[in-house]
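Below is one structure, written out as structure tokens; the observations come after it.
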Amino acid sequence: MLSSRLDSWLARRSGPRPSDASISAESVRMIDTPAGSLRVFDSASANPCVVFAPDGPNVIEHYAALTRILSPHLRVVCFDMPGFGFSLPAHSYRHSLDQGARAILAVLDRLEIATATLAFSCANGLYALCAARIASPKIASLFLSQTPSLAAMHAWTDRIIPWPLRVPVVGQMVGRLSQHKAAHDWYDIALPTTTDREPFRRLAREALAGGGCFCLAGVVQGLCRESAASFKNVSTPCTMIWGEKDRSHRYTKAESLLEGVPQAHIVRFAECGHFPDLEAPERYAKLLLDHVKEYA
């Protein structure tokens, strides 16, 4: 499809690659997968493994503090999904649920990880659910954030995402031209009014200035083509953290996830917005460690 080729072409012409100055450079590398060349942080210990994928415009560097808290107890892997951060999408990558799930599984395979907990958020949580359906023995558990049902995500898209981004090719061009403004403005609606946006914005700004990707149109278009049938038979243990001060999800019901994942346990963070893992890392880490201890 022309839109996926355009995404890939634009990503490869974004500019220089990152210097890895704000996270341990020796723990970061690029790995080749059918979905593209993906940038991965790996603490590489023998502990049970948890895998994160930043919700763009966040990047791996946003997870530095949480990684420091968790690394003494867990093997922490954090990678930018194709088309986000410094992970370059393949020409054929259309951000479908199946392709996103197989990108996750490819990371596990390349790093020789037998089983892992997937701690994904928002739309990335849908890819994690699909990965659990495809390869349940490899996914010990799911620890999601801000991931409602696919139908609720479609409704969220209709409310929040400007219509040009939903149009193939047009969306890719508009997204590229407006990515700096979109990344800057997103934190206003995603974070509580009392939260300092600048630390989030600074890392996102540095990533985009350094050649990072923000293929928002691609993921929006990819998920709009999907149906709820993709989440049948997901029986993997699942906890979801829900930030109640996320104004982008003001009209989204967290309980909608139970439509496809009835075993999910929902924990509400009353003080947090769209990124409870980054806004309340100590509380989040404690719950995650307890979750992994139970299901790993």
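The values are calculated or read from the model by the stated rules, or taken from the named source; none is laboratory data. No experiment lies behind these values; they were computed from the predicted model shown. No Cβ is skipped: glycine too gets one built from the backbone with ideal geometry, and neighbour counts run over all protein chains shown.
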Report summary line: Screening GLU226, GLU259 for residues that are in contact with a helix residue (DSSP H, G or I) (Cβ under 7 Å, 6 or more places away or on another chain), among the acidic types (Asp, Glu) and surrounded by 14 or more Cβ atoms within 10 Å (Cβ to Cβ) leaves only GLU226
Requested in this report: Filter the range 108-123 for residues that are closer than 26 Å to ALA46 by Cβ and in a helix (DSSP H, G or I) and give the result.
Outcome: LEU108, ASP109, ARG110
Report summary line: Within the range 234-248, residues of a type outside the set (Ser, Thr, Tyr), surrounded by 20 or more Cβ atoms within 10 Å (Cβ to Cβ) and in contact with a strand residue (DSSP E or B) (Cβ under 8 Å, 6 or more places away or on another chain) come out as CYS238, MET240, ILE241, TRP242, GLY243
Report summary line: When restricted to PRO89, PRO82, the only residue more than 17 Å from PHE143 (Cβ to Cβ) and in contact with a Phe, Trp or Tyr (Cβ under 8 Å, 6 or more places away or on another chain) is PRO82
**Report entry** Check on LEU289, of a type outside the set (Val, Ile, Thr), within 19 Å of the chain's Cα centre (by Cα) and assigned to a helix (DSSP H, G or I)
**Finding:** no
Query - Residues located in the range 148-191, provided they are within 24 Å of ALA207 (Cα to Cα), over 20 Å from the mean Cα position of the chain (by Cα) and part of a loop (DSSP other than H, G, I, E, B) - result: PRO162, VAL169
Query - Criterion violated by ALA296 - all others in (1) under 27 Å from ALA64 (Cα atoms); (2) modelled with pLDDT of 95 or more satisfied - result: (2)
Report task. Please enumerate the residues belonging to the range 268-296 that are of a type in the set (A, V, I, L, M) and either in contact with a Leu (Cβ under 8 Å, 6 or more places away or on another chain) or buried (at least 23 other Cβ atoms within 10 Å of the Cβ) (or both). Result -> LEU278, ALA285, LEU288, LEU289, VAL292
Query raised in the report: Is there a residue in the range 241-253 that is within 19 Å of the chain's Cα centre (by Cα), hydrophobic (A, V, I, L, M, F, W, C) and not in a helix (DSSP H, G or I)?
Result: yes
